[in-house]
Amino acid sequence: MSFIQRRGLLLAAGGLLAATALPRRVLAQAAAPTGPFTLPDLSYAAGANEAAIDARTMEIHHGFHHRAYVTNLNNAVAQQPQLGSMQLDEILMRLSQVPENIRTVVRNNAGGHANHSMFWEIMGGQGGAPEGELAAAITRDFEGFDQFKTRFEAAANGQFGAGWAFLTAANDGKLAIVAKPNQDTPLMDGVRVLMGNDVWEHAYYLRYQNRRAEYTRNWWNVVNWAKVGERYAAAKAGTLRI
């Protein structure tokens, strides 16, 4: 390993340790992003996902990482009021129309904002299994819930480096599993997202270190299937946004 690579790893590790060492009051006092896009509150306590994700990771992930995406996005569109007036999904579906000088920043940070807003929404549950139309669709398109989970975990664990695994729904209700790098989202392809799991290391490293497969396996314990079912109904009705 080169000196530059070692130095980069040491700096990254130092940044992670510094974040974990911050007192909780600092997290609570962090300035709210200003601009048209806002950081959504969690609808549950930071410790609600302990069956898969520790409270400290939730605090850092939501309070620092997601907050940064929102701040960066607001900064990028500050001189582009037409973008600030658009819905988040509209921006992501029309990235080619975003001015080239800010397109990459918008892609990364609008994607990060959309992905994380969805992520918080579909967690905080007790795991289990989907019901109703969503359960029937999963059985239809993946030959059963267990097969679906196996394929979804494979997509998450097989993502090289940072990224996400998503469950998407087409306009006709057909489901698919899609993996995307970095903060890309199927919304960029015009496809609605029902749920997704974040496999960036900051999503799991404090508890699992490099054991991504253990994290993705435990993650099922905190999925809120009622919320995912609501998102499926909204996708079929054409009202699901992010």
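Once Cα Rg over 2.2 N^0.38 Å is calculated for the structure shown, the corresponding label among (1) 0.95; (2) 1.02; (3) 1.14 turns out to be (2).
Solvent-accessible area assigned to carbon and sulfur over the chain amounts to 52 percent, based on a 1.4 Å probe. So if we plug the beta-carbon distance of TYR44 and SER96 into 1/(1 + (r/R0)^6) with R0 = 30 Å, what FRET efficiency do we get, rounded to 0.05? Efficiency, from the Cβ-Cβ distance: 0.20. Summary value for the range 185-242: 43 percent relative contact order, contacts being C-alpha pairs under 8 angstrom separated by 6+ residues.
Give me Rg over Rh for the range 103-242, both radii from the alpha carbons and Rh done the Kirkwood way, two decimal places. Let's see the in-between values first.
On the way: Rg = 14.2 Å, Rh = 15.1 Å.
Result for the range 103-242 is an Rg/Rh of 0.94.
Averaged per residue, the range 144-195 has 41 square angstrom of accessible surface, using a 1.4 angstrom probe with ligands and nucleic acids left out. Extension gain, LYS174 to ALA213: 0.36 nm times the residue separation minus the Cα-Cα distance gives 11.4 nm. Across the chain, C-alpha contacts under 8 Å between residues 6 or more apart give a mean separation that, scaled by the residue count, equals a relative contact order of 22 percent.
At the residue level, MET118 shows approximately 0 square angstrom of accessible surface with a 1.4 angstrom probe and all protein chains present.
The range 62-79 and the range 198-222 have Cα centres separated by 24 Å. Solvent exposure of the range 197-242 amounts to 44 Å² per residue of accessible area, where only protein heavy atoms count and the probe is 1.4 Å.
For GLN82, what charge total do you get from the other residues with a beta carbon under 13 Å from its beta carbon, if Lys and Arg give +1 and Asp and Glu give -1?
Working: positive: ARG94; negative: GLU90.
Charge balance near GLN82 sits at 0.
For the range 136-242, the relative contact order is 26 percent, taking Cα pairs closer than 8 Å that sit 6 or more residues apart in sequence and dividing their mean separation by the residue count.
The values are calculated or read from the model by the stated rules, or taken from the named source; none is laboratory data. Being a predicted model, the structure only gives us computed values, none of them experimental. Ideal geometry is used to build each Cβ from the backbone, glycine not excepted, and the neighbour counts take in all protein chains shown. Just the protein is used for accessible areas: all its heavy atoms, side chains included, with ligands, DNA and RNA removed. Shrake-Rupley method; radii C 1.70, N 1.55, O 1.52, S 1.80 Å.
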